[in-house]
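Only one structure is covered here, and it is reproduced in the block below.
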Amino acid sequence: MMNEDQQHSSQTLTTRQGHPVTDNQNIRTVGDRGPSTLENYHFIEKITHFDRERVPERVVHARGAGAHGVFEAYGTAGNEPVSAYTRAKLFQEAGKQTPVFARFSTVIHGTHSPETLRDPRGFAIKFYTEDGIWDLVGNNLKIFFIRDPLKFPDMVHAFKPDPITNVQDMERFFDFVSMSPESTHMITFLFSPWGIPANYRQMQGSGVNTYKWVNQNGDAVLVKYHWEPIKQGIKNLLQREANEIQALNFNHATLDLYEAIKRGEYPEWELSVQIMSDGEHPELSFDPLDPTKLWPQEQFPFLPVGKMTLNRNPDDYFTEVEQASFGTGVLVDGLDFSDDKLLQGRTFSYSDTQRYRVGTNYLQLPINAPKANVATNQSGGQMLYRPDRAPGQNPHVNYEPSSLGGLQEAARQGNEHKPHYDADLTRQAIGRTNDFQQAGETYRAFEDWERDELIANLVDALRVCSSGIQERMIRHFSEADADYGRRVEKGLVQGGHRKIKSGQTDPEQAVDLSKRMGREAD
Ligand code: HEM
């Protein structure tokens with residue numbers, strides 16, 4: 001307790017109202033044994049704030065770690081000046097620096113779940129550019145499970161814990177996957193060692209979706225973004241290695257990032273783009289807007305455009321990492337959306353969830369606010385910190401247009417990119433689904449040990465699945481590559497997990513499963 005004659009200093013404990021706290025050990029009571037009184041403002045402020053310390057965790061990507069850094073542009077994209085493709089200011093001059101904040105994450109489980117799990121890893125970067133924020137919200141793997149955003153909530157439900165047991169169940173996971181053949185390619189990566197990066201520093205990143213770059217003339221090209229860990233290299237884990245780490249430390253990736261930066265060993269990634277002319281490209285075996293596909297590097301080489309260095313740990317986890325809000329809709333002039341349907345679905349979803357998760361005025365929080373000028377006529381809403389007023393703006397004018405000194409529209413920075421549409425409004429899958437070809441190519445591109453690990457991991461996951469699900473998965477793997485399907489089937493048979501041959505159904509197995517799962521056999 002503080003002696004009354006002592007001076008209050010900047011270190012003095014106060015309430016949020018600025019009242020110095022003279023006793024932080026005892027609530028106010030009638031006599032030393034109570035009862036307590038209701039006017040204990042200090043206690044009530046403290047306990048009610050504590051009661052509200054948690055906000056909803058992210059519905060996906062809840063577990064994460066973040067760091068600040070800088071992006072430095074090369075000014076070129078391969079041999080061309082970058083201005084041939086984009087007028088985005090952050091890329092133009094060699095050596096131009098833009099501050100960034102990065103958040104890496106796992107996807108499926110909650111905020112304190114192990115970081116050793118087989119799961120894609122999030123790779124989200126916020127660029128504080130002179131034209132406002134650009135968020136590049138990617139993953140470590142270069143492709144995705146699905147191509148239509150309507151399927152995303154179902155996919156996440158199937159991958160997340162069972163609604164009754166609250167435990168992730170590979171049967172529910174593969175039930176969805178086996179009925180979504182477009183996921184075969186992603187599953188091939190995910191169950192290989194690429195599905196467990198050793199930590200956040202030694203993994204790649206990718207924007208996954210197809211975006212556009214727009215130059216001064218308003219001409220657009222299609223682009224994909226890729227981050228390569230140039231200094232640290234890439235390292236993935238065998239399942240056995242992940243198990244060993246998890247037994248001792250389930251926070252290893254967060255600690256690895258934090259401690260490397262604290263030691264001054266700053267991780268670096270080079271950003272490259274793949275560029276394709278805007279259009280449908282009927283000559284390709286895949287649709288350029290399909291996020292389940294890689295763009296072959298022989299045809300579409302990686303063109304380096306800059307480098308990111310992470311060099312500062314957050315001062316506070318909650319205010320910086322937890323409240324950080326990234327979204328695919330957050331682009332700057334010179335960057336644009338493509339018609340990739342998944343990208344368009346995502347673009348609605350991110351800011352929608354953040355208005356709920358963080359609050360209406362989430363963009364005023366320091367981690368989310370642009371370092372560029374912000375001047376809007378938006379007002380009100382919970383936790384409004386200050387009006388977005390410009391210096392010299394007539395404060396009575398919170399509308400536009402106005403002749404009384406309100407905010408003005410900006411001048412255009414270049415010609416507008418105006419894609420033209422002439423098509424029926426419809427609900428239809430894209431024409432070139434080609435779900436298995438690239439999965440087979442990826443399977444064959446793996447090294448022997450990666451293929452061995454892939455088969456072992458798939459057999460281990462599929463052994464709990466009903467024979468119908470096993471059957472469908474074997475069929476999809478066989479479509480990708482005959483050897484792939486054969487090896488998964490052989491592994492299941494040898495382990496005693498598959499008593500019947502492909503093409504037959506096993507009523508006994510179905511009955512057993514219905515008992516185990518407490519649900520009707522299908
Ligand atoms: C986080 C939706 C696909 C990468 C999220 C969040 C939502 C969401 C609602 C939580 C955001 C928050 O609370 O701040 C969707 C939908 C998708 C989709 C609807 C498909 C239709 C993808 C894909 C990628 C991806 C394809 C990778 C390219 C991420 C990352 C985060 C995230 C990295 C975490 C961002 C952070 O660190 O705060 N997603 N997502 N998502 N998503 Fe997606």
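Numbers at a glance
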read-out	value
Loop sites in the range 100-204: GluC sites (Glu not before Pro), DSSP, at most 16 other Cβ within 10 Å	E130
Residues E268, E453 arranged by fewest to most Cβ contacts within 10 Å	E268, E453
Other-chain or far-sequence residues with amide H under 5 Å of T76's (modelled H)	V82
Relative contact order %, the chain, counting alpha carbon pairs below 8 Å whose residues are six or more apart	16
From phi via Karplus (6.51, -1.76, 1.60), per-residue ³J(HN,Hα) for the range 200-207 in Hz, x at Gly/Pro	7, 6, 9, 10, 7, x, 8, x
Cα gyration tensor shape for the range 1-137, rounded if a/c is under 1.5, else prolate or oblate	prolate
Residue exposure sequence - R432, R240 - by fewest surrounding Cβ within 10 Å	R240, R432
Alpha-carbon centroid distance for the pair the range 422-442 / the range 196-260, whole angstrom	27
Net charge of Cβ neighbours under 13 Å - reference T254; Lys, Arg +1; Asp, Glu -1	+1
E57 paired with T29, simple spin-label distance in nm, labels 7 Å along Cα-to-beta-carbon	3.7
Compactness of the range 336-481, expressed as Rg and Dmax over alpha-carbon positions, Å	26.0, 73
Tilt relative to the chain, helix 507-517 - C-alpha long axis, 0 to 90 degrees, to 10	10
For the range 193-199, Karplus couplings with θ = phi - 60° (6.51, -1.76, 1.60), whole Hz, Gly/Pro x	x, 5, x, 9, x, 5, 6
Rounded to whole Å, sorted largest first: equivalent-ellipsoid semi-axes of the chain, Cα gyration tensor	43, 35, 22
Sorted peptide list for 186-194, 483-491, 463-471, criterion being average Cβ within 10 angstrom, highest first	186-194, 463-471, 483-491
Nearby lysines by direct alpha-carbon distance to K126 (threshold 23 angstrom, same-chain neighbours under 8 apart not counted)	K89, K96, K142, K212, K224, K231, K262, K307, K341, K371
Mean shadow area of the range 237-339, taken as a quarter of the surface of its Cα convex hull (nm²)	10.6
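FYI, it's all coordinate maths here, none of it is from the lab. What you are looking at is a predicted structure, and each value in this text was computed from that prediction instead of being measured. As a convention, Cβ positions derive from the backbone with ideal geometry for all residues, glycine included, and neighbour counts pool all protein chains shown.
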